[in-house]
Amino acid sequence: DGGITQSPKYLFRKEGQNVTLSCEQNLNHDAMYWYRQDPGQGLRLIYYSQIVNDFQKGDIAEGYSVSREKKESFPLTVTSAQKNPTAFYLCASSMGGAGGLFQYFGAGTRLSVL
Amino acid sequence: GQQVMQIPQYQHVQEGEDFTTYCNSSTTLSNIQWYKQRPGGHPVFLIQLVKSGEVKKQKRLTFQFGEAKKNSSLHITATQTTDVGTYFCAGPRGNQFYFGTGTSLTVIP
């Protein structure tokens, strides 16, 4: 089955700890995205990547980091600098940029702070 | 910068009633997309509108793109409990998508 796999489904972070959320896709899509969703809120863009080894900050990149070493993978690290990390994190991909293409989403990771 | 606003934020309807959500952009959009997110789930793509004044239907769902390509609407006829969820519109901004705040639909049986 083609799709996007996010893991883990639930994650708990201790104070001062960095945690990494995994996102893998086998759709052969060039573009990948990370969004944060707070309860009752819309989706806010954290980072996006159009091609391997290149990525750009979204609207709320502070306290997060990403890498894009492989086309299929776009992991997100929530660093200790992110003071309010509790949220639902969604990874998405599309064949290209936003010009005319829609996004596929993974099932998400729910991050909580202990 | 570009903003995409959606109204209403919440809507409760009796099963069988109609439902409409509206999406408004501060700038002209090349296209607009609609997604549905079920409670506890992830957004799923529903449809994309590209042409000015375009109307598309999917069973009981009707999607419209405004003549000026700055607004859009989603109308559901005779809602069912399976329609429950949050409906988002999204417009492109460069290589990004900018999502509206969403309309959460509750259907009362």
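Since every read-out is calculated from the coordinates, none of them should be taken as a lab result. Quick caveat: nothing in here was measured; it's all calculated off a predicted structure. With ideal geometry, Cβ positions are generated from the backbone for all residues, glycine too; neighbour counts draw on all protein chains shown.
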Relative contact order as a percentage, the stretch B:49-93, C-alpha pairs under 8 Å and 6+ apart, gives 26
Can you give me the relative contact order of chain A as a percent, contacts being Cα pairs under 8 Å and 6 or more apart? 35
Please list, in order, the residues from the stretch B:50-92 whose amide nitrogen is less than 16 Å from a point placed 7 Å along the Cα→Cβ vector of B:Val44. B:58-61, B:80-88
Please check chain A for the longest run free of trypsin sites (Lys or Arg not before Pro) that are loop-located per DSSP (anything but H, G, I, E, B) and have at most 12 other Cβ atoms within 10 Å. A:15-82
Give the calculated FRET efficiency between B:Val84 and A:Ala107 to the nearest 0.05, with a Förster radius of 25 Å applied to their Cβ-Cβ distance. 0.85
Assertion target for A:Asp30, A:Asp54, B:Asp83, A:Asp38, ordered by fewest C-beta neighbours within 10 angstrom first, is A:Asp54, A:Asp38, A:Asp30, B:Asp83
Taking Cα pairs closer than 8 Å and at least 6 residues apart, the relative contact order of chain B in percent is 37
Hits in the stretch A:66-109: amide N under 12 Å from the 7 Å Cα→Cβ extension of A:Arg44, namely A:83-88
Out of the trypsin sites (Lys or Arg not before Pro) in the stretch B:51-109, which ones are loop residues according to DSSP with at most 11 other C-beta atoms within 10 Å? B:Lys51, B:Lys59
For B:Lys69, counting only lysines whose alpha-carbon sits under 26 Å away and dropping same-chain residues fewer than eight positions off, the answer is B:Lys36, B:Lys51, B:Lys56, B:Lys57, B:Lys59
Charges only on Cβ, +1 for Lys and Arg, -1 for Asp and Glu: so what's the dipole of the protein assembly as shown about the Cα centre, in debye to the nearest 20? 80
Averaged over its residues, how many other protein chain Cβ atoms are within 10 Å of peptide B:86-97's Cβ atoms? 5
Can you pull out the GluC sites (Glu not before Pro) in the stretch A:32-114 that DSSP calls coil and that have at most 15 other Cβ atoms within 10 Å? A:Glu62, A:Glu69
As an exercise, identify the GluC sites (Glu not before Pro) in the stretch B:1-92 lying in DSSP coil whose Cβ has no more than 11 other Cβ atoms within 10 Å. B:Glu67
How far apart, in nanometres, would the label points at A:Glu69 and B:Asp18 be if each is projected 7 angstrom from Cα along the Cα-to-Cβ direction? 5.5
Note the full-extension length gain between B:Ser26 and B:Ala68 as 0.36 nm times their separation in residues minus their Cα-Cα distance, in nm to one decimal. 14.0 nm
